[in-house]
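Have a look at the structure below, then the notes.
The values are calculated or read from the model by the stated rules, or taken from the named source; none is laboratory data. It should be emphasised that the depicted structure is a prediction, and the values quoted were computed from it without experimental measurement. Cβ sites come from the backbone with ideal geometry, for glycine too, and all protein chains shown count toward neighbours.
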Amino acid sequence: MEQASAKITLLLGQLSQEQPDRKGILEELFMITQTTKGTTDWDPNFIEEVCKTIAPFVSQDYSDDIRALIYNIYKNVLSVEHAGKILEMRILKDPEKVLRRLTDHFNKLTLECGNGLAFSRSENKADTQGSLKEHTAGPDGESTQTTDCKPEWHPNSLKWNETYQELVSSVKEGKLTLTRIGSMEYVNKEEFRIAMGNNGTEVFLGLKVDGIEIAIKKMTRCNYEVLMNEKEFLLLPELDYSSIVRYMAFAEDENFGYLGLQLCEYTLEEYIKTHDDDAQRKTVVFQVLKGLKVLHCQYDPILHRDLKPQNVLIGKISLQYNEMMGKKNKTLSNIIVLMNVNGRARLADFGISRRLPKDQTTYCTGKAGTKCWMAKETLLGEDETKIPYKSSSDIQVAGMLIYYILSRGHHPFGDKSYECENNIVKGNYTLDHVQDVLAKDLIEWMIDAEPKNRPKVEECLNHPFFWNPYRKVEYLKKIGDRKEVEKYKDADQEFISSLDKCAGDGAFKRWKATFPQELLDKMDGKKKCYPDNTLGLLRCIRNLHHHPKEAAKLDLLMMFPNLMEYVYIFAKSKGWNNETPLMEMCRTELSQIDGITTIVASTPKNSEADVPLSVQESPRISTQPTTN
């Protein structure tokens, strides 16, 4: 209930924006107030705020659809025992007149929509672009509404553009029938189905009535709790984040539930096969972890429990912003959708996600997830009705996912499904398809067989794999300031050899040949003479601050590729990274926006407690890629 009230407050704020998508916002308010239990216990002041905010829209200036939504919201929030509240609040200047208008309005309504909202039969209303036809039963038994209105469409997707053109033109020519459910429209034909999942789940290309492209997930009522669970999570204000797929709409009829989601271009599985850009794949990894952080860093953490390539979606804007923004439909919802589909990776499919109970670190439930994408501890349980899930379970699977991204489609525990789960249990893995030393270090940490040894998602994001060049050089300088390096003249041969071996078996023994001779002469001087080994190089880098002009011209990471990576691994083996000042450096959080990495202060967890979702638990396990 607290989650619902928080979302309602957010929607009320959107209503006050300039040119809001009133109908879309009011439809969301209606669905939340209709499906939330315990509204009679809401604070009267909160109910008053809701009623006063939406009251202006009962005016004759607004369409019948808008006013019908308002009255239905009033019905949901004002129970019988609170029937007098609307009069006490003096929200309406003439309540008797409004009630007469309401009676007349509903007397004219003869058609009930699938989501409980009514539409007039009249075809002459300015805001009804066509007429809704009587309910008809489709071939699969679905109770549908068809309409002869011409769909509004605002192109955005590049991948799906031709398919949308076919859909819209065929509907306008009368070749195809448009099905409307709530504020969503789609054509129930196989050629417009973009994905299928277990238990009859289908995903269609669709449109909101305002023309925004969406994906419509259609699920039978026998799996209704999964769809409702996903909807409840996506409605959480704290999950309204750029690395989480965006909720767009919800509706239901006698046989199906429909969840409208932000339309993206690719699943991760498709993206990896068609894009060969190391830097972009690294950005995708970062964004996946940022999405996981949104889940894990709530006051009561949320476990995804079904991370896999099919449940990471990639968006990409194909048309210029100003082309869309120059049109008359410059609404808040359009702007939000455009800004959120700019090539980012987003976590999707929260149907089997769970929130940890307050002050608990483990959630025991039936086995859930997809074959080859499950953590070791979830595969070992003898009682399949009491499988323990932790945040660290998501982390191990996320490590598999990161390797999949960076290796362009390989699994660390084997690409053959019949061997993969056995390898997960035994801890047999290979990282041969990834060459980056820091990437391997991060992945090995995440897929550790022992849950307690795995990093938290914040630690993953702080890993040097994501550091920018400036931070890497600063790390080398701090290494060069350690007493072991400072005493390079007195260092024992065993220490020197171990460092050289870790740094590529002597790869930096002739580093002086790479340095500008004039600068080297200045730094060596009469008293100092840096040895031609890794230890001497690190001390020399530390002392470059004495020669800022010359140092500014050097690109140390280009001159000495992999130096930082090898030194980091060596320092880790010696425990240096757990000591000041390296410890503080490794714990500073990163922020990455559109591929640009900067250093920011760490942020605390959300301080507001959330109520755990109460959903019926049942064993759910997939043996193949799914969308549900």
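Summary table below
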{"quantity": "Segment 460-505 - residue that is farther than 27 Å from residue 550 by Cβ and small (Gly, Ala, Ser) and, of those, surrounded by the fewest Cβ atoms within 10 Å (Cβ to Cβ)", "calculated": "497"}
{"quantity": "Counted residues, segment 475-490 - those being within 43 Å of the chain's Cα centre (by Cα) and assigned to a loop (DSSP other than H, G, I, E, B)", "calculated": "2"}
{"quantity": "Subset tally (residues that are farther than 21 Å from residue 343 by Cβ, aliphatic (A, V, I, L, M) and either out of contact with any helix residue (DSSP H, G or I) (no Cβ under 8 Å at 6 or more places or on another chain) or assigned by TED's automatic domain parsing to the domain that holds residue 402 (or both)) for segment 252-272", "calculated": "0"}
{"quantity": "Test: residue in segment 469-490 that is among the charged types (D, E, K, R) and either in contact with a His (Cβ under 7 Å, 6 or more places away or on another chain) or not assigned by TED's automatic domain parsing to the domain that holds residue 537 (or both)", "calculated": "no"}
{"quantity": "Helices (runs of 4 or more DSSP H) lying entirely in segment 194-305 (those with 3 or more residues that are within 20 Å of residue 34 (Cα to Cα))", "calculated": "224-234"}
{"quantity": "Only listed residue being in contact with a helix residue (DSSP H, G or I) (Cβ under 9 Å, 6 or more places away or on another chain) and either free of Cβ contacts under 8 Å to residues at least 24 places away in the same chain or among the basic types (Lys, Arg) (or both), chosen from 477, 489", "calculated": "477"}
{"quantity": "One residue from 419, 494 being at pLDDT below 95 and either assigned by TED's automatic domain parsing to the domain that holds residue 532 or among the polar types (S, T, N, Q) (or both)", "calculated": "494"}
{"quantity": "Residue in segment 507-526 that is within 22 Å of residue 439 (Cβ to Cβ), modelled with pLDDT under 90 and either in the same structural domain as residue 439 (by TED's automatic domain parsing) or surrounded by 13 or more Cβ atoms within 10 Å (Cβ to Cβ) (or both) present", "calculated": "yes"}
{"quantity": "Test: residue in segment 521-533 that is more than 29 Å from residue 579 (Cα to Cα), small (Gly, Ala, Ser), assigned to a loop (DSSP other than H, G, I, E, B) and out of contact with any His (no Cβ under 9 Å at 6 or more places or on another chain)", "calculated": "yes"}
{"quantity": "Leading residue by the ranking (surrounded by the fewest Cβ atoms within 10 Å (Cβ to Cβ)) among those in segment 405-443 that are under 21 Å from residue 565 (Cα atoms) and of a type in the set (Ser, Thr, Tyr)", "calculated": "430"}
{"quantity": "Residue within segment 384-397 that is touching a Gly at 6+ places or on another chain (Cβ under 6 Å), modelled with pLDDT under 95, among the aliphatic types (A, V, I, L, M) and farther than 23 Å from residue 346 by Cα present", "calculated": "yes"}
{"quantity": "Scan of segment 40-53 for residues that are in a helix (DSSP H, G or I), out of contact with any Phe, Trp or Tyr (no Cβ under 8 Å at 6 or more places or on another chain) and crowded, with 19+ Cβ neighbours inside 10 Å, ordered by number", "calculated": "47, 50"}
{"quantity": "Selected residue [closer than 18 Å to residue 249 by Cβ, surrounded by fewer than 18 Cβ atoms within 10 Å (Cβ to Cβ) and out of contact with any His (no Cβ under 7 Å at 6 or more places or on another chain)] from 60, 34", "calculated": "34"}
{"quantity": "Segment 170-184, residues that are outside any helix (DSSP H, G or I) and surrounded by fewer than 21 Cβ atoms within 10 Å (Cβ to Cβ)", "calculated": "173, 174, 175, 176, 177"}
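Per-residue answers, yes or no, for (1) over 21 Å from residue 437 (Cα atoms); (2) at pLDDT below 90:
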residue	(1), (2)
533	no, yes
548	yes, yes
565	no, no
573	no, no
579	yes, no
601	yes, yes
607	yes, yes
617	yes, yes
627	yes, yes
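Okay, residues lined up against (1) of a type outside the set (A, V, I, L, M, F, W, C); (2) on the phi > 0 side of the Ramachandran plot; (3) modelled with pLDDT under 95; (4) in the same structural domain as residue 369 (by TED's automatic domain parsing):
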residue	(1), (2), (3), (4)
168	no, no, no, no
178	no, no, yes, no
181	no, no, yes, no
191	yes, no, no, no
195	no, no, yes, no
201	yes, no, yes, no
207	no, no, no, no
235	no, no, yes, no
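One line per residue, one yes/no per condition, for (1) within 27 Å of residue 490 (Cβ to Cβ); (2) without any contact (Cβ under 8 Å) to a residue 24 or more places away in the chain:
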{"site": "519", "(1), (2)": "yes, no"}
{"site": "522", "(1), (2)": "yes, no"}
{"site": "531", "(1), (2)": "yes, no"}
{"site": "539", "(1), (2)": "yes, no"}
{"site": "557", "(1), (2)": "no, no"}
{"site": "561", "(1), (2)": "no, yes"}
{"site": "575", "(1), (2)": "yes, yes"}
{"site": "579", "(1), (2)": "yes, yes"}
